[in-house]
Amino acid sequence: MFSVIKQLYEWILHWAQTPYGPIALFLLSYGEALFFPVPPDVLLIALSIGLRRKAYYFALICSLASILGGLSGYFIGYYLWWNGDSYTAFADFFFTHVPGFSEILFINIQQQYNIYGFLIIFAAGFTPIPYKLFTITAGAFNISFPLFLFASTVSRSARFFIVSWLIIKFGDKINNFIYKYFNLLTIAVVILIIIGYIMIKYVFIR
């Protein structure tokens with residue numbers, strides 16, 4: 001898993017060197033809310049460092065795409081997940097092929113919604129916990145849509161705009177730091193992603 005994610009991370013970064021960076025950022029942010037395992041922050045940072053005056057613009061792209069992806073996930077869960085009391089073929093596909101999804105995890109997340117409500121959605125949007133698990137389960141378990149939309153909008157926007165603010169605030173220092181420690185930072189990002197899945201395994205499956 002480590003090597004695969006690292007390769008994905010490096011593939012994502014190369015888009016920052018092309019004219020298609022903002023489009024790639026939008027697609028990555030949207031996909032991460034549904035199925036993609038690598039967070040969009042990596043490309044957001046690369047684009048913001050390369051063009052600091054557009055850092056907030058890139059954060060806006062990230063936020064809007066991620067929120068749209070979250071809404072898509074919600075409606076997938078709401079409309080396409082159940083066939084009466086059983087799972088649809090679409091749901092079975094996610095359990096089988098989307099990293100981090102499992103039926104046991106899916107069922108246990110419902111308990112977390114009952115306990116934490118808004119906070120669990122906010123945590124998923126703001127931390128390394130895989131966000132896609134909560135976009136789809138929120139719809140499948142008929143979590144309040146206004147609550148879901150509010151929590152997703154606040155957490156995702158705050159996360160991406162904070163990243164861009166740091167780039168603007170510390171600019172060259174961050175740029176030099178990333179250039180100097182690029183390999184170590186690559187490993188750190190991969191570790192954060194893995195930590196997110198470990199949190200899911202040991203916090204939500206009990």
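The values are calculated or read from the model by the stated rules, or taken from the named source; none is laboratory data. Predicted model only: the values in this text are computed from it and were never measured. Cβ coordinates were reconstructed from backbone atoms using ideal geometry, including for glycine residues, and neighbour counts include every protein chain displayed.
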Could you count how many residues in region 86-107 are modelled with pLDDT under 90, of a type outside the set (Gly, Ala, Ser) and not in a helix (DSSP H, G or I)? 3
In region 51-91, the residues that are among the small types (Gly, Ala, Ser) and loosely packed, with under 15 Cβ neighbours inside 10 Å: Gly84, Ser86, Ala89
Tabulated pairs, region 155-166, first touching a residue at least 12 places away in the same chain (Cβ under 8 Å), second of a type outside the set (S, T, N, Q) and not in a helix (DSSP H, G or I), C-beta under 8 angstrom, 6+ apart or interchain: Arg156/Tyr131; Phe160/Pro40
Tell me whether region 110-121 contains one or more residues that are modelled with pLDDT under 90, surrounded by 23 or more Cβ atoms within 10 Å (Cβ to Cβ), in a helix (DSSP H, G or I) and of a type outside the set (Asp, Glu). yes
Give the residues of region 53-104 that are more than 14 Å from Glu32 (Cα to Cα) and of a type in the set (Val, Ile, Thr), sorted by residue number. Ile76, Thr88, Thr96, Ile104
Go through region 122-206 and tell me which helices (runs of 4 or more DSSP H), entirely inside it, have 3 or more residues that are modelled with pLDDT of 80 or more. 132-140, 145-180
Restricting to helices (runs of 4 or more DSSP H) lying wholly in region 16-85: which have 2 or more residues that are in contact (Cβ under 8 Å) with a residue 12 or more places away in the chain and within 25 Å of Ser144 (Cα to Cα)? 21-32, 55-80
